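J.: Next up is a structure, given as structure tokens.
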Amino acid sequence: MLKPFYGWTLARVLAITCTLSYGILYYTFSVFTLPMEEELGWTRAQTSLGFSLALIVSGLLGPMFGKHVDHKGARGVMALGSLLGSATVLLWANVHTLWQYYAVWTLMGVAWAAVFYDVAFTVINHWFRQLRSRALLLITLTAGLASTIFIPLSTWLLAHFSWRDALLVLAGLLAVGTILPHLIFLRGFPREMGQTVDGLPETVAPPHSAPAAKPTAVLKTAVFWWLTVSFMFGAANSIALAAHMVPMLSERGYSPALIATSAALVGFMSLPGRAIFTPLSERVSSLTLTVVTLSAQALAFLGLLILPGQVGLWLFVALFGLSNGALTLARASLIADTFGSTHYGFISGAMNLWASMAKAIFPVLIGFLYLRFQGYGPVLLGLSVLSLLSIFAVWQAGRSHLKLKNAPMQNT
């Protein structure tokens with residue numbers, strides 16, 4: 001009789017730790033920005049630069065951490081990353097000068113690279129193949145609630161404590177909820193538990209996977225760069241919208257209450273987006289699903305730009321929320337289906353490097369475009385064009401992948 005597959009234990013642990021990590025290390029930034037600025041006399045541009053530094057650092061370290069996890073597993077990386085993340089929040093609570101603040105957020109970028117989705121998804125790709133989409137759904141549905149949980153919790157803490165004391169509470173919560181779980185439960189590969197991928201008996205062949213190519217060879221392929229461009233544009237759209245959604249909807253005449261409701265529903269709609277993607281991924285290719293998802297994103301921007309009143313608004317909320325949630329899974333599935341799981345961490349990290357650069361730059365770029373055109377209409381059109389370019393890039397990646405199948409690269 002087969003013992004229970006340990007991969008599901010890993011998925012449950014990562015679902016909890018990713019929720020805590022994203023909630024405390026990422027989403028609380030927006031909550032603590034204003035009280036920090038009021039006490040220290042800093043501008044929004046100065047505080048936002050810290051967040052951008054973290055994005056850049058996490059992107060730069062992604063390939064290195066991913067390569068380590070591919071070869072040695074994620075236990076050490078995620079445990080140390082959780083320790084560093086907790087210490088960084090503790091240091092954040094004690095900053096008094098800008099150089100201290102920027103040093104803290106540089107360290108925060110290191111923690112992000114160690115504990116966020118890229119590393120967690122690498123673990124899942126080592127343990128799952130046929131059941132991968134279900135394991136990823138478990139993690140992302142749970143971690144998708146991070147902002148829903150931690151933004152209200154952080155706001156409540158601010159109502160009862162100073163922003164510094166509130167951060168100390170969150171640092172303790174992060175330490176307790178992530179360091180030991182990562183250290184105790186994480187295992188790099190099924191063989192460490194005497195098991196196989198998906199928990200199949202050793203006599204049963206695992207489902208087909210793309211052949212493993214040398215990582216350096218992958219970086220030279222057209223398919224890698226087409227997918228990188230597509231994911232970079234998708235990430236740019238998401239972060240630009242997050243930074244500018246409130247003023248963009250205000251300009252179009254929507255009330256503050258309606259804007260707040262819309263913003264909350266965009267986040268909520270990402271959950272059914274992921275739930276819909278998972279069963280479809282077992283029947284439809286990840287490439288096709290990615291094209292459909294990016295098409296929905298483009299229609300969301302065009303709907304908000306063209307359709308009048310609340311019709312355009314609710315179409316935007318539904319389509320962008322669904323597509324934004326599904327893209328998280330589409331990216332992970334497409335990388336694994338195209339390149340295999342052996343070097344997933346390195347390849348995913350290399351792609352995320354460019355996506356992180358786009359996330360750091362695009363909110364500022366959108367601000368310049370707004371000032372240049374004195375409105376968000378051209379910006380919405382530009383975001384629609386980016387989505388269409390993402391679709392084109394994925395389609396080109398599919399064509400390049402067919403060529404790779406006809407001329408396979410040297411195996412490791």
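J.: Which residue out of G177, G172, G188 is surrounded by 13 or more Cβ atoms within 10 Å (Cβ to Cβ) and outside any helix (DSSP H, G or I)?
T.: Checking each option against the conditions leaves just G188.
J.: Turning to a different aspect of this structure: I need the helices (runs of 4 or more DSSP H) fully contained in region 275-381, keeping only those with at least 2 residues that are touching a Lys or Arg at 6+ places or on another chain (Cβ under 7 Å).
T.: Filter on region 275-381 gives 309-339, 344-373.
J.: I need every pair where a residue in region 218-242 that is of a type in the set (S, T, N, Q) has its Cβ under 6 Å from the Cβ of a residue that is in a helix (DSSP H, G or I), sequence separation at least 6 or different chains.
T.: These pairs meet every condition: T228/M351; T228/W354; S230/S390; S230/A393; S230/V394; N237/L383; N237/L386; S238/N324.
J.: Looking at the structure I just gave you, is F277 crowded, with 16+ Cβ neighbours inside 10 Å, within 27 Å of Q374 (Cβ to Cβ) and touching a Leu at 6+ places or on another chain (Cβ under 9 Å)?
T.: It is false that F277 is crowded, with 16+ Cβ neighbours inside 10 Å, within 27 Å of Q374 (Cβ to Cβ) and touching a Leu at 6+ places or on another chain (Cβ under 9 Å).
J.: When the residues of region 196-255 are filtered to those that are modelled with pLDDT under 85, in a loop (DSSP other than H, G, I, E, B) and among the charged types (D, E, K, R), which remaining residue is surrounded by the fewest Cβ atoms within 10 Å (Cβ to Cβ)?
T.: Result: E202.
J.: Within region 68-101, work out how many residues are surrounded by fewer than 18 Cβ atoms within 10 Å (Cβ to Cβ), touching a residue at least 40 places away in the same chain (Cβ under 8 Å) and in a helix (DSSP H, G or I).
T.: Residues flagged as surrounded by fewer than 18 Cβ atoms within 10 Å (Cβ to Cβ), touching a residue at least 40 places away in the same chain (Cβ under 8 Å) and in a helix (DSSP H, G or I) within region 68-101 amount to 4.
J.: Consider region 252-271. How many of its residues are in contact with a helix residue (DSSP H, G or I) (Cβ under 7 Å, 6 or more places away or on another chain) and free of Cβ contacts under 8 Å to residues at least 12 places away in the same chain?
T.: 0
J.: Run down R134, R129 and say which single residue is basic (K, R), over 19 Å from the mean Cα position of the chain (by Cα) and either part of a helix (DSSP H, G or I) or at pLDDT below 95 (or both).
T.: Checking each option against the conditions leaves just R129.
J.: Report, ordered by the first and then the second residue, all pairs with beta carbons closer than 9 Å, sequence separation of six or more or different chains, a first member in region 120-144 that is farther than 15 Å from G345 by Cα and not assigned by TED's automatic domain parsing to the domain that holds A275, and a second member that is of a type in the set (D, E) and not in a helix (DSSP H, G or I).
T.: Q130/E282; S133/E282; R134/E282
J.: Taking into account only those residues within region 11-57 that are of a type in the set (A, V, I, L, M, F, W, C), more than 18 Å from T106 (Cβ to Cβ) and modelled with pLDDT under 90, which is surrounded by the most Cβ atoms within 10 Å (Cβ to Cβ)?
T.: Among them, the one singled out is V31.
J.: Further question: Assuming L280 fulfils every condition listed in (1) within 24 Å of the chain's Cα centre (by Cα); (2) more than 20 Å from L138 (Cα to Cα); (3) without any contact (Cβ under 8 Å) to a residue 24 or more places away in the chain apart from one, which condition is it?
T.: (2)
J.: Further question: Name the one entry in A296, A326 that is buried (at least 23 other Cβ atoms within 10 Å of the Cβ), hydrophobic (A, V, I, L, M, F, W, C) and in contact (Cβ under 8 Å) with a residue 24 or more places away in the chain.
T.: Result of the check over A296, A326: A326.
J.: Still on this structure: Those residues that are of a type in the set (V, I, T) and either crowded, with 19+ Cβ neighbours inside 10 Å or not assigned by TED's automatic domain parsing to the domain that holds S333 (or both), I need them from region 299-317; list them, please.
T.: The answer is V317, and nothing else.
The values are calculated or read from the model by the stated rules, or taken from the named source; none is laboratory data. Just so we're clear, the structure is a prediction, and the values are computed from it rather than from any experiment. Counting neighbours? That spans all protein chains shown, and the Cβs are built from the backbone with ideal geometry, glycine included.
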